[in-house]
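What follows draws every value from the coordinates through simple rules; no lab data is involved. Remember, predicted model here, so these are calculated numbers, not experimental data. Here Cβ is always computed from backbone atoms with ideal geometry, including for glycine, and neighbour counts include all displayed protein chains.
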Amino acid sequence: MRPRRTLHSSLRLVLVLLVGVALLPVPCVSILVSALGQAGFVVDCTIEGLMHAPETPAILKAGARIQVISNEHPEALERMVPDSALEKSVRAAARMLRAAKRMTVTSAAGTNLDVDMVGASTVGVWGWTDKPGTLAHWPGGIVVSFPKSGTVNGSLVLDRGDINLTFKRYLTTPIRMTLKDDYVTDLEGEGADAAMMRTYLAAWGDREAYAVSHVGWGMNPGARYEALTMYDKNDTNGTELRAVAGNFLFSTGANEFAGRFTSGHFDLPMMGTTIELDGVAVIREGVLQDVFG
Ligand SMILES: [Fe+2]
């Protein structure tokens, strides 16, 4: 009689497989991807998460659910255990984004961004998944839309206190960006924040690194704005800041729905903006509005 595999040993097997995917030659990778697809339930505990990995769609297509546990401090995970109330509001927000034709984002700092939402692909994440073929991450409480090509225009002003999650740093000086048909065409600002952003973008040597990846906002009431000051950089992956309720989460980098692929990626949670969908405010000056049912 074969010994029954415990949940713990199954999870350990899957985790070993996940680590192995990154290290093995191509034929072995395809065997591992196939095994993960048949596992039914995959827990992704890798440092950056496999959600953007080229192998992930095949695993999902085979019917597996992928639960990403973001590389956060255990205290943060405990604080942001998802619940059904969050699921309800995230689902409602995702429905609103899918129905929207236009998103506008404005702020006292000077942001005035226009996004044509027609054909955008939207994802809502509340922290878990019970549906085969889907991926979720914990912590959740985020909605993101990937706009179609040539749909994002205007100016984006990252203010003091907004966050650059690639650098895990609160901005100390404003950065003013101009966007034309999705691409950052101008990036101005005094000091290290703007300088590092310019050099980091240029380092990819890839025009696509300058284009919009996704737009959306955070909705998790347990996520704390000041969290980056509480953890060493190695103890947080910044998902908490992406989920802070009322932020505008703007990102540059790959957007497969616009046909763009690149390795560069900035996630930039911005506070204090007003976001409107077809003229209806869903966030006003950084505060979630009572429109999510
Ligand atoms: Fe992102």
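Look at the Cα gyration tensor of the stretch 131-241: its axes a ≥ b ≥ c give a/c of at least 1.5 with a/b at or below b/c, and that counts as oblate. Name the shape class, rounded, prolate or oblate, that the alpha-carbon gyration tensor gives for the chain, where a ≥ b ≥ c are the square roots of its eigenvalues, rounded holds for a/c under 1.5, and otherwise prolate holds if a/b is larger than b/c and oblate otherwise. Cα axes put the chain in the prolate bin.
Springs join every pair of Cα atoms under 10 Å in this Gaussian network model of the chain, and among Pro139, Pro27, Pro174 the largest mean-square fluctuation is at Pro27.
The stretch 267-293 and the stretch 127-160 have Cα centres separated by 14 Å. In this structure, the pairs whose alpha-carbon distance is over 29 Å, taken from Lys61/Lys88; Lys61/Lys148; Lys131/Lys180, are Lys131/Lys180.
Taken one residue at a time, the phi angles of the stretch 114-131 give Karplus couplings (6.51, -1.76, 1.60, θ = phi - 60°) of 10, 10, 6, 8, 4, x, 5, 9, 10, 10, x, 10, 10, x, 8, 9, 10, 10 Hz. Gly and Pro are set to x. In terms of other Cβ atoms within 10 Å, Cys45, Cys28 run from fewest to most in the order Cys28, Cys45. Classify the stretch 175-214 as rounded, prolate or oblate from the Cα gyration tensor: take a ≥ b ≥ c as the square roots of its eigenvalues, call it rounded if a/c is under 1.5, otherwise prolate when a/b beats b/c and oblate if not. Oblate shape, in that a/c is at least 1.5 and b/c is the bigger or equal ratio.
Applying the Karplus relation 6.51 cos²θ - 1.76 cosθ + 1.60 with θ = phi - 60° to the stretch 232-246 yields 3J(HN,Hα) values of 5, 4, 6, 9, 9, 10, x, 4, 4, 6, 5, 9, 4, 4, x Hz, where x marks Gly and Pro. Structure remark: mean-square fluctuation, Gaussian network model of the chain, C-alpha springs under 10 Å; the largest value among Phe146, Phe257, Phe248 belongs to Phe257.
Put a dot 7 Å past the Cα of Thr199, heading toward its Cβ, do the same for Thr178, and the two dots end up 2.5 nm apart.
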